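The block underneath contains the structure these notes are about, expressed in structure tokens.
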Amino acid sequence: MDMVGRRLKPIAFLGDALDLLRAFPEGARKEAGVQLHKIQQGLTPTDWKPMRTIGPGVAEIRIHDEGGAFRVIYIATRDSAIYVLHAFQKKTQRTAKRDLDLAAARLRQI
């Protein structure tokens, strides 16, 4: 239970999303954990953007670390859990189509 006595919404990692997140450099991994905890509390992540191209309610957490740019794509609008659809290091300005397609395929699994 958090400080207000509410239960935190569980986080469900789809596919290899948890393994990918665990492979982030330590700083980026810790920041992802802090931001996911904020979402569990019903708060907004510090740096995020909606990912409507994947589906309604889907968003990404944007993490900038000395190791690079990292993203965690999730959906928190479901009652049962926060679903982490994908986690990856961003190599270019545009998100790779394969990363978007993978997140969209996992969204369809829910």
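Looking only at residues in region 57-69 that are open to solvent by 10 Å² or more (accessible area, probe 1.4 Å) and assigned to a strand (DSSP E or B), the one that is farthest from Gln40 (Cα to Cα) is Gly68. When His37 is tested against (1) in contact with an Asp or Glu (Cβ under 7 Å, 6 or more places away or on another chain); (2) more than 27 Å from Arg94 (Cβ to Cβ), just one condition goes unmet, and that condition is (1). For region 70-87, a residue qualifies if it is open to solvent by less than 20 Å² (accessible area, probe 1.4 Å) and either in a strand (DSSP E or B) or in contact with a helix residue (DSSP H, G or I) (Cβ under 7 Å, 6 or more places away or on another chain) (or both), and the qualifying residues are Phe70, Arg71, Val72, Ile73, Tyr74, Ile75, Ile82, Val84, Leu85, His86, Ala87. Of note, Lys90 does not satisfy the criterion of being within 23 Å of Gly27 (Cα to Cα) and open to solvent by 70 Å² or more (accessible area, probe 1.4 Å). For region 25-45, the candidate set comprises residues that are under 13 Å from the mean Cα position of the chain (by Cα) and assigned to a loop (DSSP other than H, G, I, E, B); within that set, the residue that is surrounded by the most Cβ atoms within 10 Å (Cβ to Cβ) is Pro45. A single entry from Ile54, Ile11 fulfils the requirement of being modelled with pLDDT of 95 or more, open to solvent by 40 Å² or more (accessible area, probe 1.4 Å) and touching a Leu at 6+ places or on another chain (Cβ under 9 Å): Ile11.
Taking first residues from region 17-32 that are at pLDDT 95 or above and partners that are aromatic (Phe, Trp, Tyr), the Cβ contacts under 6 Å between residues at least 6 apart in sequence or on separate chains come to Phe24/Phe70; Ala28/Phe70.
The values are calculated or read from the model by the stated rules, or taken from the named source; none is laboratory data. These numbers come from a predicted model, not from an experiment. In this analysis, Cβ positions are derived from the backbone assuming ideal geometry, glycine residues included, and neighbour counts consider all displayed protein chains. Accessible surface is based on the protein model in full, side chains and every heavy atom, while ligands, DNA and RNA are left aside. Shrake-Rupley method; radii C 1.70, N 1.55, O 1.52, S 1.80 Å.
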